[in-house]
Structures are given as C-alpha cells and as structure tokens.
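Chemist: Pasting in a structure now, in structure tokens, and then I'll have a few things to ask.
The values are calculated or read from the model by the stated rules, or taken from the named source; none is laboratory data. Note that the structure is predicted; figures quoted are calculated from it, not measured. For neighbour counting, all protein chains shown are included, and Cβ atoms are generated from backbone atoms with ideal geometry for every residue, glycine included.
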2 protein chains.
Amino acid sequence: MTALLERHRARFEGAREACRTRASWSPFPEMPGKYPDAAAAQVRGLAAFQAHLGDNARARDFELDQPGTIGWLGDEVSPYTRSPLGARYPQADVDRLFDAAGRAMPDWGAATPETRLGVLMEVVDVIYREQLFEIAQSVMHTAGQSFNMAYAGSGVNALDRAIEALVYAEQAMAAVTPSARWERSFGPSQIVLEKTYRLVPRGVAVCFTCASFPTWNAWPSMMASLATGNPVIVKPHPATILPMAITVRVFRRVLADAGFDPNLVTMAIDNVEQPLGKVLVKHPKTAIVDFTGSARFGQWVEQNAHPALCFTETAGCNTVVLESAEDLEAVLRGLATTLCMFSAQMCTSPQNIYIGAQGVRTPQGRVSRDEVARRLAGAVAALTSDPKKASMILATIQADSTLALMRQLQAEGKGRGRVLLAPQAYAHPEFAQARTSTPLMLQVGTDARDLYGEERFGPISFVIGCADADDALAQATRDVHERGGLTAFLYSTDESYIVRAEQAYARAGAQLTTNLTGAMPLNFAAAYSDYHVTGLNAAGNAALTSLAFVASRFCISQSRRPRRDAASPTRQPGATP
Amino acid sequence: MTALLERHRARFEGAREACRTRASWSPFPEMPGKYPDAAAAQVRGLAAFQAHLGDNARARDFELDQPGTIGWLGDEVSPYTRSPLGARYPQADVDRLFDAAGRAMPDWGAATPETRLGVLMEVVDVIYREQLFEIAQSVMHTAGQSFNMAYAGSGVNALDRAIEALVYAEQAMAAVTPSARWERSFGPSQIVLEKTYRLVPRGVAVCFTCASFPTWNAWPSMMASLATGNPVIVKPHPATILPMAITVRVFRRVLADAGFDPNLVTMAIDNVEQPLGKVLVKHPKTAIVDFTGSARFGQWVEQNAHPALCFTETAGCNTVVLESAEDLEAVLRGLATTLCMFSAQMCTSPQNIYIGAQGVRTPQGRVSRDEVARRLAGAVAALTSDPKKASMILATIQADSTLALMRQLQAEGKGRGRVLLAPQAYAHPEFAQARTSTPLMLQVGTDARDLYGEERFGPISFVIGCADADDALAQATRDVHERGGLTAFLYSTDESYIVRAEQAYARAGAQLTTNLTGAMPLNFAAAYSDYHVTGLNAAGNAALTSLAFVASRFCISQSRRPRRDAASPTRQPGATP
C-alpha cells in the first residue's frame, strides 16, 4: 500500500518543500486550456456532468453504495439555467452512517501514516485525472461559479489545499516516534522498557460544506481528518450537493480499491425543511466538526460542538483601507475587479472600504473621498457593462436570498447614505435565464455600522467615511477584531502607516495584502503559501494549512513493557547501561 | 536576548533529541543527595521556606509586586504539622490582572521565538539553581508529599516537563517560515510578493493548579503558553498556593531582568468561600485555560471554556488487569508499592484491580481471586506497618475530605463487598501531628460500579471480581472509555491477550504499562518519553508533550505586498521568473 505513496512521492515532496518555503508551487496547470488534452477532457467532463441530470419526467438517482438509505432527496437548481438539475441523492439514516464509520475506523486507524497518505494522494490524483472537469461543471451549475473559476478555485487550487493538509498531517504524525527503548537505573536496578506510541484517531468527523465554494474548504478538511485516521461524514449544503457527491464517490472507490472500508467516507444530505446540522453536531459519536458556512449557524456550531473538536470558517468584514496611492487608477481597477469576482461570493471578497475625510493622497494631490467613491463605482460599472465580460467575472448569484438582501440594503442605504451603484441583472450571453446582478455599492458613515458591520453575502460593498486616515485604520481593524474578518487590503505610500497597519491587522487576525495592483486578483489565496482563517476573530479558526489544523485530530496512546529479553533484570545484571 | 538561549543551548538540544527518540534523559539529578553541594542547598532551601511562614501572632505577607492588590488571603495548613503556614498572598482585582497581562503581551508576542525560549530556559535554570529546595519544602508542607517526592516529582521532573513544552513550542513555531518570496505569472504579468508570517499569541491564559501536585502540570502549561507569546494568570488551589507563588515570583523576576513586563505572569488567588474559578474561565479576555483538578469542576470548565482553548487533566479510573504472571509475588509487591506511593494522591495512581473468577494463572498453578486479593492487601499492610517506611512511601493525606471519603467508602464497602484492608492513621516519626492514613482496600463485584466507577481520590482501591479474564479486560477498558482513565497496568504471560489489551487500552485512551515489576514505580511517568492524558476519554486532553498541546496556542497572521523594487511589474518586465 505504501506503493501508492511511492507513486506520488515527487508530488508529495514538492508540496512539502513548498509548505516549508511558502514559495509559489503547484503540480497542476491552473488554466483549463493547459490541462493535458484539454478539449477532449472538457467534452468528457461535460458529458459526465450531464449524465447526472434528470429531466422533467424523471429524476436521476446518484448511486452511492453507502449504507442506511431511507429515501432520496435533491432539489438543486442551476444558477445558470434556473432549472432543477433533476439529480437525487440517497438520504441516509444518520445513526447507520456513524455505525458504519465506526466499524471502518479501526483498520484505517491501524494502517501506517504512509499507507493512509498514499491512498489519499491517490484520491487527489484520481480527481485530477478523471473527475476534474465533471466537478468543475457541477460546481458551475450549483455554486454558480464561472467555468474557469470552477476549474481553478474549486478544482486544482482545492486539490492543492488538499495536498497541503496531507503535508501537515504527515509532519504532525512524524513528530511522534513509533517506538523507543528507554533505559535507566532505579537504585541498583537497571530498568529497560520497550515503548510503543500509537496514533489513535479521535473519531468520526463531520464536514459541513457551503453552497458557493464547497470543495476548497472541504477537501483539505476531509484530508486532515482522514490522514490522521478518522472517518468523515460529509454534510453538503442542500443547494450544492453534486460536487460533494462526486467527491464522496471517488474517496469511496479509491479506499475500497486500496482494501479499506469505503464507509470511511459517506454523505448525509438534508433539505431546508428538515435540516440535519444540529443532529450531526450533537451526535454522541461526532468527534470532529469542520464547518464552512453562515456566521449564524457557525456560531451555534462553535458553541455546541464540545466535546467534539471544531474547525470553522464563517464570515466577517473583509476590509479595505485607502490612505494613499502611487497610482490610484490602478488601485481602483484592482479593487473593482475583486469586488466583482464571482459577484463577491467568496469568503475572501472585500466588502468595507474605509477612507478618511481628507480623501486619498496621490502624487497628483489629494483626491476627495467622494471622487474616489465615484471613480471606484465607475470602475465597477465599466467592468460589468459588457455582458460577455460581466459573465466571465461576475458569473451568477448562487441564491435568490442574495438578490433579496441586495434589494433590502439598497432601500436602507438610500436613507442612510448614498447609492453609488444600483444593481441590475445583466444578460448572460450563454444562459438567458441565469440569476445575475451587477454589484450594489453604498457610501455611508461610521454611524451605519449596523449595515456594514457584518458579512453581507454577495456583490455588496460599502465606502465608509472615517474622520481621517488613522480613524480609517482604527475603524477597519476594530470591525475585524469585533465582527470577524479573513482578508484585508491596504493602500498606502507611507511606510510608517503600513507598519502600523500590519501590526493592527496581525492582532485583529485578518490576512493583509498591501499595495497590490495588476493582474493578480487581490483576494487570490495561494495554496502552500497563504494561510487562511487565523483563529483570532469571529471568522473562524480553520487555517487549513498549519499544524494546529491537524495535530489535535489524533491522540497518542502509549504502551510500555520491560524489554522481553530483559524481563527479569535481577537475572540479567549485565544489561548494558 | 538570544544570548540566553545560547547559554542553555546544550540543555535545550539534549531535550529536543530526547523528545525525538523518547529515550531516557534528564539534565538534572533525580535524587536530592546528588544535587551539587546538596547539604548546603537543603539548609538554604529550608531556611528560605521558613522565611515565608508567619506565626500565631502575625501572618507573613508574600510580596509579589503585581498590580491590583485589594487584600491579602491565605489559609494553607501543613499536612505534616496541621498548623497554618501563616503565609498571606496578595488578592488581586481580576480585571486589573487581565488588563496588565494585555498590556504586557504585545512586546512579548513581538519578540522572536528564540528570545522567548531563551528567557524561559533561564526561568528553568533559576528555579533549578536557586529555588528548588525551597519549592520542595513548600510542596511538602502544602501538598503533603514526602520531601524526596517533592524534590523529584514536583521539582526536577516538573522542570523536565517544562523544558519539554518548550521543545514542542519551538517545533510548532519553527514550522512557520517567517517570510517568503512568492512569484508567479498571471497572464503576461509576473507578480512578485514579499510575504511575512507573524506568530500572534492567542491571548491571556489562565492556569489552574491542583492541591496535591501543582508544579508538574503547571510548569509545562505555563511554558506552552508563554513560549507562544501568551501571558499567564496562575490560579492556585487555595490549599497549595506557596509553590505557585514562588514560581510566579521567579517568572516575574527573570522576565523583568530580560527587559520584559513582569505582568506576563501573575497570580489570582481565592478561597473556598469566594471561589474565582468560574469568573476566570468566563472572563471575556480569557483565551486559553489549562486546568488540573477535580473531575466535577473540570467538566464545567470543559463545557464552558469556549471560546477559550481548553486543556484539562482531571481524573478517572486508573485500572489494573491481573490475568497471569510469571512471578506473582513480584507483581503484588510492585502493585502494593504503587497503591501506597504518596497515598495514591497522584493522577497516575491505580485504583481498580480487575480479576476474573478463575483467579490469576502462575507457573505454580492458578491462584484464586480471594487469595490474590488477600496477598495484595497483605503486601500493602507490610509496606505500611513500619511508621518510618510508611512515612517515606505514604507521606501524608493532603485534605481532611479524603479521610472523610475513606470513612464513607469503608462503611459502604462493608455492605457491598469485603473490606480487605481497613485504614488507620500511622504515627509519622518526624511530625507527630501529620494527617496520615494507611490505605483502604475493598473487594467488590461489578455490581458495585457506582462505588469504583469514578476517581476516589486518596489511598483507596478496589479488587473487582469479573466473570473471567476477557470480562476483566472488557470491564476495565469500558470503565476507562466511559469514565476516564490516565494510566493502566496489565499483568499477563499470554501474548495474544497482551496484544488485545494494548489495542483496547489504546482506543480507550489510557497509557498502558505491561508486566512491570521491580524497582521502578509502576506509575512513574518519564518526561521526554511518556505522554500524559491522551484526549480520548474523560480524563482530559493535556498530553503535555505533543504538538497538539502547543500548536493552537498561537495563530498565524500574514501580510504580503509586492516586492519593493518590483512594485510596478509593468515597468520592470525583466523581473526574474
């Protein structure tokens, strides 16, 4: 079985080195066009995706040979076609999934770390070679991402994050020697003990995945749990089941091929009427919870997961501070792009833009706050005015509730400040029925914190008027500290201001990007290099790529006994000291 | 400052190597007589201890220059003299301690890991060179340990555990590179980012220490928090303040000498009438809780610590399974010694001894369960019949409540089974007033699980009649799994039985010692080699010596920005790829 790790050794060692140096690295091409024999792979992937779909007459059952099926559920709707996918998935008796996972665990837990890592690297490879375009299509038609983002962000980048988790799992497990010979004297006696240190998995993990970006968080979480010996029950968001169903099926197949019980990975689905979330979190056999999703339910999970371990990524205020800029036009272009990217339905999308009353310093003089706001809104409007360009960058809106929230905030914002940009649907060039919207942008004061002081999911942003540049930094980092935040963006040509901002954001716990302009999306998070949620604020603690993310998923049970050939030290006084 | 780590480098590297191999190692002599110039050190230590004591006329104030003193408290009573120590300690306004800790944190958190590790290795060295015998005396006269155990278990072994925590903290922090150069192309552009990864302490840690063995858990917990940048507020058990007060003063002095704010380490004391425990756990600024103490309050801590991290060591059923033995006499001698050691007031002391109906197989034939029980009780009686020997092994009973519990269980046990050994005070040869008791031993069936199915703190043990050897193993591991357990002991000459037991105990999460006889105390836990609580059962999760014990005490905040000399890649197309 260790042969599997041998097969993937070069890739694994590349990842290990990248995690050490945090330099740029990936074994995968990031553009779909660079995938080997890309055109054929796209055709095959699309066909595989379409094979999952039902039609008006009849839903298509997604076969998953897991135990405890008590019915079939599934009412996903494509944000592109606004039609039901027509796929149904087995609804499981939860207790039977836990029982099956419990039965599967001992053999898996007793396998060597190398064996487990080999099987899981094989899963990565099978997804990459066989399922990548099928998964990209399924992400596109559930989460609503553009195809390119689905391929990159939900495909190869998510596979990179998966490998990363395996690297840290290996590192944490390798820190425990499997055995020791321990020898010392007690008075005149020499005691020689053989010690064995077993890595014991903590128990069944439940992995909640979100509607808009399921694989990117789920794959590393699943890998972290499985590498350390724990079974995983995946609980997909009911709007985005298909990518996770395909994922679960691949894991099950590769595990079974490697001689392990496929029930190490199963899926528990629910629907909005009968949610399973609380049942899974409070299940007496739940030992680990990985959660990606809303702040509201996430908080409940964090407060109620005990005695299970809990890793969360929820949401917060992703902030931008504009103090000064060498090239304001480039700054606004970069910001506008990031505000539009997948209609800001990413956990890393910025939302709140803080500007002091003096506006923004530039080499050409100060630009007033109102003008900065107007030009930023203009840049967003320019990016989204052409439907073809809009479709590539905005893609679709995953949920109707996002459109409703935008309407509500537009109405509220009108009374509380200024509507910089009013949203409207754009006509998607390929999918006439697509759920789309250009962004909503509001300009408000800090007295509107009730509006902007939490994540407003979707293409919604606020330009926030602060007293001055220091106040802008103070407000932004306070909002992160108190309300949560994953990413932050700063533009300043003042090195002392930058230093203060770096320290303030480090304490507040948002990952800060300073003075980035150009072709790289501001909120791009690179596997092997960028850490995710810090754990320092309400946005969660799932750093994804650290020892803390893996080290407590297993425990260390030791056994020790006198060395067999020295069991009676009195009869073997010559035992070497 | 890194000079301090340089000064202690050989010791630190020895510890690092020992943690890797888990072979026997310590930089310290384990017997007080082997301490350099031992006699003088003992005299000095005793004098220093006595200088803390008050007299009937007037309490002696233990000066601690920490902020927020609102009064003086202290009613420790020596278990040896049964007289008040007469020492009083500053009672602090808790909010002021948190505020002071918060102010002290930024500088300490911004120091390099090497600087912090150097300062903390210096603390270890100062305790060893200057305070060890004073602390041993203070442990003896609060916890009630024998002087030799106070020197070894609460002195040098506890220092070893402290160093161990520093080793793992260093390993976890070293896994994060401080900076990276990240470069890749986005379309035609080459993006070069400088990334900085900051280790950010999680926040103020509260360290609860227990009455009977304060330093052994506290020192590694304090080190784990401090090494990763967090301040620590120590909350000693009101019966055993002095060893921790001395500890806190040493930390404060060494921190101040190294140029840091001494308020990184403070002490919050309370008394039985007005306990502070819940206030500290639920304080909004508490970020980490380390708890050693009772199962009852420990459970409350575990359930209520969120959002703080929580590391606990409480209690459980430490089990012994007797199946067969080469040399039954040696087995019973070893067991009897361990049942007596510090009157079984150690978290690792065995309590429940499971024997099948067929008794114990030996080369001389089966020995009936009743006879094994009788001979074990006899071995305990023999060890404790001579007051001088008894004083060395049993030492004293820390609390009156333990004597009350023994009386209660003796009465209950009489009706439910058989009293194998009735406890009685023994006359301590040096301290006529000492609170002492020989052990209580009961023989019961598995129907008395309400009696033995939890920790019964003190010299209390149960011989438990099981159906057969398989039942003995099943009962013992079930009790560990359901009720908690830290250590376990097995005697068997049947290799297949041993293999099954190792697996069952590994899953139940108790550290198993098999077939150990001879001079080493069965429950001796060696720093650098033996892991502590596994985290798999109710006894807690404070492994003390693993990455999981340290890795989540700090977070990783990153900042990234374009390389300064390549800020405008369009103007520098020649940036090296």
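Results for (1) in contact with a Phe, Trp or Tyr (Cβ under 9 Å, 6 or more places away or on another chain); (2) within 27 Å of A:Ala150 (Cα to Cα); (3) modelled with pLDDT of 95 or more, shown as yes or no for each residue.
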{"position": "A:Val372", "(1), (2), (3)": "no, no, yes"}
{"position": "A:Arg375", "(1), (2), (3)": "no, no, yes"}
{"position": "A:Ala379", "(1), (2), (3)": "no, yes, yes"}
{"position": "A:Thr384", "(1), (2), (3)": "yes, yes, yes"}
{"position": "A:Lys389", "(1), (2), (3)": "no, yes, yes"}
{"position": "A:Leu394", "(1), (2), (3)": "yes, yes, yes"}
{"position": "A:Asp400", "(1), (2), (3)": "no, yes, yes"}
{"position": "A:Leu403", "(1), (2), (3)": "no, yes, yes"}
{"position": "A:Gln410", "(1), (2), (3)": "no, no, yes"}
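Chemist: Give the range B:425-454 a look and list any residue that's surrounded by fewer than 15 Cβ atoms within 10 Å (Cβ to Cβ) and under 24 Å from B:Pro84 (Cα atoms), or say none. Write out each step before concluding.
Modeler: Of the range B:425-454, the ones surrounded by fewer than 15 Cβ atoms within 10 Å (Cβ to Cβ) are B:425, B:427, B:429-430, B:432-433, B:445, B:447, B:450.
Within the range B:425-454, B:Ala425, B:Ala427, B:Pro429, B:Glu430, B:Ala432, B:Gln433 qualify.
Chemist: Go through B:Ser138, B:Ser179, B:Ser189 for me and flag whichever is in the same structural domain as B:Lys34 (by TED's automatic domain parsing), surrounded by fewer than 24 Cβ atoms within 10 Å (Cβ to Cβ), polar (S, T, N, Q) and touching a helix residue (DSSP H, G or I) at 6+ places or on another chain (Cβ under 6 Å).
Modeler: Working: B:Ser138 fails: surrounded by fewer than 24 Cβ atoms within 10 Å (Cβ to Cβ); B:Ser179 fails: touching a helix residue (DSSP H, G or I) at 6+ places or on another chain (Cβ under 6 Å).
Residue meeting the stated conditions: B:Ser189.
Chemist: For A:Asp479, state whether it is within 27 Å of A:Arg361 (Cα to Cα) and surrounded by fewer than 15 Cβ atoms within 10 Å (Cβ to Cβ).
Modeler: Working: within 27 Å of A:Arg361 (Cα to Cα): yes; surrounded by fewer than 15 Cβ atoms within 10 Å (Cβ to Cβ): no.
It is false that A:Asp479 is within 27 Å of A:Arg361 (Cα to Cα) and surrounded by fewer than 15 Cβ atoms within 10 Å (Cβ to Cβ).
Chemist: So, restricting to helices (runs of 4 or more DSSP H) that lie completely within the range B:126-239, which ones have at least 2 residues that are in contact with a strand residue (DSSP E or B) (Cβ under 7 Å, 6 or more places away or on another chain) and modelled with pLDDT of 95 or more? Talk me through it step by step, then tell me what you get.
Modeler: Numbers: elements: B:132-140, B:147-151, B:157-174, B:214-227.
Hits in the range B:126-239: B:214-227.
Chemist: Right, something else. Which of the numbered conditions does A:Gly518 fail, given that it passes all the others? Conditions: (1) touching a residue at least 40 places away in the same chain (Cβ under 8 Å); (2) more than 27 Å from B:Phe186 (Cα to Cα).
Modeler: (2)
Chemist: Can you tell me which of (1) assigned to a loop (DSSP other than H, G, I, E, B); (2) at the interface with chain B (Cβ under 7 Å from one of its Cβ atoms) is the one A:Leu512 doesn't meet?
Modeler: (1)
Chemist: Would it be correct to say that A:Gln364 is closer than 23 Å to A:Cys317 by Cβ, surrounded by fewer than 21 Cβ atoms within 10 Å (Cβ to Cβ) and not small (Gly, Ala, Ser)?
Modeler: On the way: closer than 23 Å to A:Cys317 by Cβ: no; surrounded by fewer than 21 Cβ atoms within 10 Å (Cβ to Cβ): yes; not small (Gly, Ala, Ser): yes.
It is false that A:Gln364 is closer than 23 Å to A:Cys317 by Cβ, surrounded by fewer than 21 Cβ atoms within 10 Å (Cβ to Cβ) and not small (Gly, Ala, Ser).
Chemist: So which residues in the range B:324-340 are within 14 Å of chain A (Cβ to nearest Cβ) and surrounded by 24 or more Cβ atoms within 10 Å (Cβ to Cβ)?
Modeler: B:Val331, B:Thr338
Chemist: If you don't mind, another one. Identify the residue in the range B:380-395 that is among the small types (Gly, Ala, Ser) and crowded, with 20+ Cβ neighbours inside 10 Å and, among all such residues, is farthest from B:Arg435 (Cα to Cα).
Modeler: B:Ala390
Chemist: Give B:Gly509, B:Gly484 a once-over and let me know the one that is on the phi > 0 side of the Ramachandran plot, at pLDDT 95 or above and either in contact with a Leu (Cβ under 7 Å, 6 or more places away or on another chain) or not assigned by TED's automatic domain parsing to the domain that holds B:Asp450 (or both). It would help to see each step written out before you state the result.
Modeler: Values: B:Gly484 fails: either in contact with a Leu (Cβ under 7 Å, 6 or more places away or on another chain) or not assigned by TED's automatic domain parsing to the domain that holds B:Asp450 (or both).
After ruling out the rest, the residue left standing is B:Gly509.
Chemist: Another one. Which residue pairs have Cβ atoms closer than 7 Å, lie 6 or more positions apart in sequence or on different chains, and pair a first residue in the range B:9-28 that is at the interface with chain A (Cβ under 9 Å from one of its Cβ atoms) with a second residue that is among the acidic types (Asp, Glu) and surrounded by fewer than 18 Cβ atoms within 10 Å (Cβ to Cβ)?
Modeler: Sorted first by the residue in the range B:9-28, then by its partner, the pairs are B:Ser24/A:Glu183.
Chemist: Same structure, new question: Does the range A:244-261 hold any residues that are part of a helix (DSSP H, G or I) and more than 24 Å from the chain's Cα centre (by Cα), and which are they?
Modeler: Looking only at the range A:244-261, we keep the residues that are part of a helix (DSSP H, G or I), and these are A:244-257.
Residues satisfying the conditions are A:Ala256, A:Asp257.
Chemist: Tell me whether the range B:428-440 contains one or more residues that are among the aromatic types (Phe, Trp, Tyr) and closer than 27 Å to A:Ser179 by Cα. First the steps, then the outcome.
Modeler: Our first condition is that a residue be among the aromatic types (Phe, Trp, Tyr); within the range B:428-440, this holds for B:431.
Checking the rest, the ones that are also closer than 27 Å to A:Ser179 by Cα come to none.
No, there is no match, as no residue in the range B:428-440 is among the aromatic types (Phe, Trp, Tyr) and closer than 27 Å to A:Ser179 by Cα.
Chemist: On to the next question. Just one of (1) under 30 Å from B:Pro521 (Cβ atoms); (2) facing chain B (nearest Cβ under 8 Å) trips up A:Arg563, so point out which.
Modeler: In the conditions (1) under 30 Å from B:Pro521 (Cβ atoms); (2) facing chain B (nearest Cβ under 8 Å), A:Arg563 misses (2) alone.
Chemist: Go through (1) assigned to a helix (DSSP H, G or I); (2) out of contact with any Phe, Trp or Tyr (no Cβ under 9 Å at 6 or more places or on another chain); (3) modelled with pLDDT of 95 or more one by one and return the number of the condition A:Arg296 breaks.
Modeler: Evaluating A:Arg296 over (1) assigned to a helix (DSSP H, G or I); (2) out of contact with any Phe, Trp or Tyr (no Cβ under 9 Å at 6 or more places or on another chain); (3) modelled with pLDDT of 95 or more leaves (3) as the failure.
Chemist: Among the residues of the range A:78-93, write down those that are surrounded by fewer than 19 Cβ atoms within 10 Å (Cβ to Cβ), in contact (Cβ under 8 Å) with a residue 60 or more places away in the chain and at negative phi.
Modeler: A:Thr81, A:Ser83
Chemist: Right, another one. Would you say A:Ser349 is in the same structural domain as A:Tyr452 (by TED's automatic domain parsing), of a type outside the set (Val, Ile, Thr), modelled with pLDDT of 95 or more and assigned to a loop (DSSP other than H, G, I, E, B)?
Modeler: Numbers: in the same structural domain as A:Tyr452 (by TED's automatic domain parsing): yes; of a type outside the set (Val, Ile, Thr): yes; modelled with pLDDT of 95 or more: yes; assigned to a loop (DSSP other than H, G, I, E, B): yes.
For A:Ser349, the condition - in the same structural domain as A:Tyr452 (by TED's automatic domain parsing), of a type outside the set (Val, Ile, Thr), modelled with pLDDT of 95 or more and assigned to a loop (DSSP other than H, G, I, E, B) - is met.
Chemist: When you go through (1) surrounded by fewer than 23 Cβ atoms within 10 Å (Cβ to Cβ); (2) away from chain A (no Cβ under 13 Å) one by one for B:Lys195, which number turns out not to apply?
Modeler: Only one criterion is unmet by B:Lys195, namely (2).
Chemist: Now, a different point. Would you call B:Leu473 within 9 Å of chain A (Cβ to nearest Cβ), buried (at least 22 other Cβ atoms within 10 Å of the Cβ) and not acidic (Asp, Glu)? Walk me through how you get there before you give the answer.
Modeler: Values: within 9 Å of chain A (Cβ to nearest Cβ): no; buried (at least 22 other Cβ atoms within 10 Å of the Cβ): yes; not acidic (Asp, Glu): yes.
Judged against the criteria, B:Leu473 is not a match.
Chemist: Being away from every other protein chain (no Cβ under 14 Å) and more than 24 Å from the chain's Cα centre (by Cα) narrows it down to one residue among B:Gly445, B:Gly458; which is it? Can you show your working first?
Modeler: On the way: B:Gly458 fails: more than 24 Å from the chain's Cα centre (by Cα).
Only one candidate passes the filter, namely B:Gly445.
Chemist: Could you tell me how many of the residues in the range A:66-92 are touching a Ser or Thr at 6+ places or on another chain (Cβ under 8 Å) and of a type in the set (D, E, K, R)?
Modeler: Counting residues in the range A:66-92 that are touching a Ser or Thr at 6+ places or on another chain (Cβ under 8 Å) and of a type in the set (D, E, K, R) gives 1.
Chemist: So which residues in the range A:518-540 are at the interface with chain B (Cβ under 8 Å from one of its Cβ atoms), touching a helix residue (DSSP H, G or I) at 6+ places or on another chain (Cβ under 8 Å) and of a type in the set (S, T, N, Q), if there are any at all?
Modeler: A:Ser529
Chemist: Does at least one position in the range B:99-111 carry a residue that is over 23 Å from B:Tyr197 (Cα atoms), crowded, with 20+ Cβ neighbours inside 10 Å and either at pLDDT 95 or above or not basic (Lys, Arg) (or both)? Spell out how you get there, then give the answer.
Modeler: Narrowing the range B:99-111 to residues over 23 Å from B:Tyr197 (Cα atoms): B:99-101.
From what's left, crowded, with 20+ Cβ neighbours inside 10 Å: B:100-101.
From what is left, the residues that are either at pLDDT 95 or above or not basic (Lys, Arg) (or both) are B:100-101.
Yes: one or more hits.
Chemist: Scan the range A:465-492 residue by residue and report those that are among the hydrophobic types (A, V, I, L, M, F, W, C), under 28 Å from the mean Cα position of the chain (by Cα) and assigned to a strand (DSSP E or B).
Modeler: Of everything in the range A:465-492, those that are among the hydrophobic types (A, V, I, L, M, F, W, C), under 28 Å from the mean Cα position of the chain (by Cα) and assigned to a strand (DSSP E or B) turn out to be A:Ala488, A:Phe489, A:Leu490.
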